[in-house]
Amino acid sequence: MSESDVPSASRVLVGVSGSPGSLTALCRAAGEARSRGAELWPVLAWEPPGGDLAARRSPAAAHLVQEWERLARERLVAALRDVFGSAVAGPPGQALVARGAPGRALVEIADRENDLLVVGAGSRGPLHRALRPSVSRYCLAHATCPVLAVPPSPLEAALAAAHRRNAWRLRLDTGDVQREFETVPPEA
């Protein structure tokens with residue numbers, strides 16, 4: 001059997017940024033990898049502050065690229081620890097740090113037909129949509145493999161509402177908090 005005849009292992013790739021939505025997607029991707037017997041490939045894509053064009057124009061940016069990449073690796077390790085604990089005992093696979101726009105980097109890495117790309121599909125307000133393109137929409141439009149868009153956790157919306165109340169110095173209604181916890185299904 002030649003090397004080209006050997007079937008490649010199926011992979012479940014997931015975009016990770018450290019946001020609550022990406023951590024939810026990482027949990028879902030780990031479950032998908034286990035159920036499919038596939039490798040889990042968490043991917044954190046990063047760009048220099050201001051983008052690659054600004055980094056090319058600044059002579060100081062060339063010296064900072066290694067530092068930015070190190071910070072990206074630390075953020076990926078922190079996200080893996082948040083989901084899998086300090087032992088980082090998730091399914092087998094590889095964790096990658098890729099330089100580039102997140103959507104484009106994920107689509108380029110998920111290039112096999114038996115890959116599954118998992119992305120968080122967080123709720124986004126009109127201002128956020130205008131300022132930053134949606135990674136999940138990019139992946140859904142450009143990926144050559146199946147894409148699973150994971151909705152945000154219901155607790156994420158409750159947390160955002162609590163942050164807004166705190167920012168406006170409004171009283172927290174404990175009845176609202178109790179109702180939120182009653183709607184969350186128990187963990188299996």
For residues in region 141-154 being open to solvent by less than 70 Å² (accessible area, probe 1.4 Å) and touching an Asp or Glu at 6+ places or on another chain (Cβ under 9 Å), which is nearest to Thr24 (Cα to Cα)? Leu148
Criterion: out of contact with any Leu (no Cβ under 8 Å at 6 or more places or on another chain), among the polar types (S, T, N, Q), at pLDDT 85 or above and farther than 22 Å from Ser17 by Cβ - qualifying residue of Thr174, Thr144, Thr183: Thr144
Residues satisfying the stated conditions in region 58-72, i.e. over 27 Å from the mean Cα position of the chain (by Cα) and either modelled with pLDDT under 70 or open to solvent by less than 60 Å² (accessible area, probe 1.4 Å) (or both): Ser58, Ala60
Specify the residue that is farthest from Glu32 (Cα to Cα); the eligible residues are those in region 42-57 that are at pLDDT below 95 and within 16 Å of the chain's Cα centre (by Cα). Glu47
Unique residue being in contact with a strand residue (DSSP E or B) (Cβ under 9 Å, 6 or more places away or on another chain), at pLDDT 90 or above and assigned to a helix (DSSP H, G or I) when the list is Val107, Val77, Val119: Val107
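The values are calculated or read from the model by the stated rules, or taken from the named source; none is laboratory data. No experiment lies behind these values; they were computed from the predicted model shown. Note that each Cβ is placed from the backbone with ideal geometry, even for glycine, and that neighbours are counted across all protein chains shown. With ligands, DNA and RNA removed, areas are computed over all heavy atoms of the protein, side chains included. Shrake-Rupley method; radii C 1.70, N 1.55, O 1.52, S 1.80 Å.
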